[in-house]
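The values are calculated or read from the model by the stated rules, or taken from the named source; none is laboratory data. These numbers were taken from a predicted model, which means no experiment stands behind them. FYI the Cβ positions are ideal-geometry reconstructions off the backbone, even for glycines, and counts take in every protein chain you see.
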Amino acid sequence: MSYQDHISQVSQLVQAKNGTWDGISPEYVARMRLQNRFTTGLDIAKYTAKIMREDMAAYDADPANYTQSLGCWHGFIAQQKMISIKKHFGSTKRRYIYLSGWMVAALRSEFGPLPDQSMHEKTSVPALIEEIYTFLRQADARELGMLFRDLDAARAAGDVAKQKEVQHKIDTYETHVVPIIADIDAGFGNAEATYLLAKKMIEAGACALQIENQVSDEKQCGHQDGKVTVPHEDFVAKIRALRYAFLELGVEDGVIVARTDSLGAGLTKQIAFSKEPGDIGDQYNAFLDCEEVEADAAHNGDVIINRNGKLLRPKRLPSNLYQFRPGTGADRCVLDCINALNHGADLLWIETEKPHVEQIASMMDKIREVWPNAKLTYNNSPSFNWTLNFRQQVYDAWKEAGKDVTPYDRAKLMSVDYDATPLALEADDKIRTFQRDAAKRAGIFHHLITLPTYHTAALSTDNLAKEYFGEMGMLGYVAGVQRKEIRQGIACVKHQNMSGSDIGDDHKEYFAGEAALKAGGVHNTMNQFAA
């Protein structure tokens, strides 16, 4: 519905009240409606799920249409990210937000900073989703509010052409609200607990939920040791729980991202149930590290598997966990992914120990033999030393090709001494094109960085503290922050406007007319930033 359509509709409603609503301006109501396009989290989930489905189809048609996101741990961070994207690129198309369980644990728990082990309050995840969308909706209200002020100014000046231009911008306005891919860890409990939490996350606005195949009570960060996976049937039950939650709430386009940690997980807590040779439980158990035993050689308390007439004793650790055979991680990832897709997952996530296109592609090639349109969400993780990894990849490629690598010490390639060398420059170029190359070669639909704003907050704070508390004093802030904000056109330099002060002034005028006491008058210091 256009701006004028909203005004016309409300005008009819006001006129029908026989003068009792004459103090209500239909145009102001139209403005408030447009500034609050999404009234519930479910509205957002349905809207953004449709966007993701369209983007997935666009990627299937051309892998150059991959999508990206940055992890955000606060609504303000997400808001500023999307404002920046609109400023620099003119559109939010194919740019999402990632909600990292790691950052929720580290930054949003009432227990204080926690490791990524599902120890934080699970309700903090839907609360953060709701917070992010509150800030994104406020970004819409702020930007539209400025357009409404431009429209009023054009009218006051009698500039009809400008009025038409501004009204077109209002009618074609692109929202800051984009899809969130939200981390539900391993479900925070059994399948019922997963379902209940999923509903809260969807009701808050999440259109895509990412769940991993680790056990809930032993869950670890994907880039740490000690990961323990669950049999496929356990994981499938949680995938179904997510789908039921989406369908119950009417989000039929909801997206499930099934993550496997099997590449780095050498342990399982359970031996899978198997009815017959070759079923999914038997395939899972086939990766167990076992030794053949005779019936009379079994010890008290041993668990014995009968496979093809042979008695096998899986290796069990003192922790009561069972061990997989070394070197089986990639094959287990392939089986995990195929089984997840067989049971309704929409996207895959393979957690790797390094960013290597061919390593990822080697698994995806096998998966795509069964599911040709299989697509990955990939963690461009800050847990990787990108500089070192790619310099080593280039070093190895050069050495294999017979190029001279004697000027380089492979073990010390991170050294600043190499920063300007041909090897380092080639490595940087491969980092620059990694997302594009991996989207084309390895089936990666969505590239995300899990923890970028955790690191940017630490880095910028360190720089400010070093200068402000040192010899630079106040110039440390002015030159290092404020002047850069002004020069780069960072909207937040007018922090009163960003916090909603002008929106509040508009509402005061709506409600009180000429009696409104506004904050944005001539004595407001934000006027110093008008230029």
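Would you kindly identify the helices (runs of 4 or more DSSP H) lying entirely within segment 28-139 that contain at least 1 residues that are touching a Lys or Arg at 6+ places or on another chain (Cβ under 7 Å) and over 30 Å from Ser2 (Cβ atoms)?
Once the helices (runs of 4 or more DSSP H) in segment 28-139 are filtered for at least 1 residues that are touching a Lys or Arg at 6+ places or on another chain (Cβ under 7 Å) and over 30 Å from Ser2 (Cβ atoms), what remains is 41-61.
Look at segment 77-99 and say how many of its residues are in contact (Cβ under 8 Å) with a residue 40 or more places away in the chain, of a type in the set (Val, Ile, Thr) and within 21 Å of Phe445 (Cα to Cα).
Number of matching residues: 2.
So Arg325 fits all but one of (1) in contact with a Cys (Cβ under 9 Å, 6 or more places away or on another chain); (2) surrounded by 17 or more Cβ atoms within 10 Å (Cβ to Cβ); (3) over 30 Å from Leu425 (Cα atoms); what number is the exception?
If we test Arg325 against (1) in contact with a Cys (Cβ under 9 Å, 6 or more places away or on another chain); (2) surrounded by 17 or more Cβ atoms within 10 Å (Cβ to Cβ); (3) over 30 Å from Leu425 (Cα atoms), just (2) comes out false.
Which ones in segment 373-384 are assigned to a loop (DSSP other than H, G, I, E, B) and either more than 19 Å from Leu70 (Cβ to Cβ) or of a type outside the set (S, T, N, Q) (or both)? Before the answer, list the steps.
Of the residues in segment 373-384, the ones assigned to a loop (DSSP other than H, G, I, E, B) are 373-375, 380-384.
The answer is Asn373, Ala374, Lys375, Pro382, Phe384.
Do we have any residue at all in segment 257-275 that's part of a loop (DSSP other than H, G, I, E, B) and without any contact (Cβ under 8 Å) to a residue 12 or more places away in the chain?
Scanning segment 257-275 turns up at least one residue that is part of a loop (DSSP other than H, G, I, E, B) and without any contact (Cβ under 8 Å) to a residue 12 or more places away in the chain.
Only one of Ala78, Ala61 is farther than 23 Å from Val125 by Cβ and assigned by TED's automatic domain parsing to the domain that holds Tyr378; which?
Ala61
Between a residue in segment 148-166 that is among the polar types (S, T, N, Q) and any residue that is surrounded by 13 or more Cβ atoms within 10 Å (Cβ to Cβ), which pairs come within a Cβ distance under 9 Å, given they are 6 or more apart or on different chains?
Matching pairs, first to second residue: Gln163/Leu151; Gln163/Ala154; Gln163/Arg155.
If you go through segment 304-323 one residue at a time, how many are touching a residue at least 12 places away in the same chain (Cβ under 8 Å), more than 12 Å from Thr268 (Cβ to Cβ), assigned to a loop (DSSP other than H, G, I, E, B) and among the hydrophobic types (A, V, I, L, M, F, W, C)?
Counting residues in segment 304-323 that are touching a residue at least 12 places away in the same chain (Cβ under 8 Å), more than 12 Å from Thr268 (Cβ to Cβ), assigned to a loop (DSSP other than H, G, I, E, B) and among the hydrophobic types (A, V, I, L, M, F, W, C) gives 0.
Search segment 26-58 for residues being small (Gly, Ala, Ser) and surrounded by 17 or more Cβ atoms within 10 Å (Cβ to Cβ), and hand back the single one that is farthest from Gly443 (Cα to Cα). Steps first, please.
Residues of segment 26-58 small (Gly, Ala, Ser): 30, 41, 45, 49, 57-58.
Filter once more, keeping what is surrounded by 17 or more Cβ atoms within 10 Å (Cβ to Cβ): 30, 41, 45, 49, 58.
On the way: Ala30: 44, Gly41: 31, Ala45: 25, Ala49: 20, Ala58: 13 Å.
Of everything passing the filter in segment 26-58, Ala30 is farthest from Gly443 (Cα to Cα).
Inside segment 461-476, can you point out the residues that are under 31 Å from the mean Cα position of the chain (by Cα) and in contact (Cβ under 8 Å) with a residue 12 or more places away in the chain?
Asn463, Leu464
Could you tell me which residue of segment 412-452 is surrounded by the most Cβ atoms within 10 Å (Cβ to Cβ), considering only residues that are in a loop (DSSP other than H, G, I, E, B) and either among the hydroxyl-bearing types (Ser, Thr, Tyr) or not assigned by TED's automatic domain parsing to the domain that holds Glu54 (or both)?
Ranking the qualifying residues of segment 412-452, first place goes to Thr450.
If a residue must be hydrophobic (A, V, I, L, M, F, W, C), modelled with pLDDT under 95 and in contact with a Gly (Cβ under 9 Å, 6 or more places away or on another chain), how many such residues does segment 73-117 contain?
Counting residues in segment 73-117 that are hydrophobic (A, V, I, L, M, F, W, C), modelled with pLDDT under 95 and in contact with a Gly (Cβ under 9 Å, 6 or more places away or on another chain) gives 2.
Does Ile97 satisfy the criteria of being surrounded by 18 or more Cβ atoms within 10 Å (Cβ to Cβ), of a type outside the set (Gly, Ala, Ser) and more than 19 Å from Thr377 (Cβ to Cβ)? Before you say what the answer is, go through the steps one by one.
Numbers: surrounded by 18 or more Cβ atoms within 10 Å (Cβ to Cβ): yes; of a type outside the set (Gly, Ala, Ser): yes; more than 19 Å from Thr377 (Cβ to Cβ): no.
Criteria not met by Ile97.
Would you pick out the residues in segment 286-303 that are in contact (Cβ under 8 Å) with a residue 24 or more places away in the chain and more than 18 Å from Gln214 (Cβ to Cβ)?
Correct list: Asp289, Cys290, Glu291, Val303.
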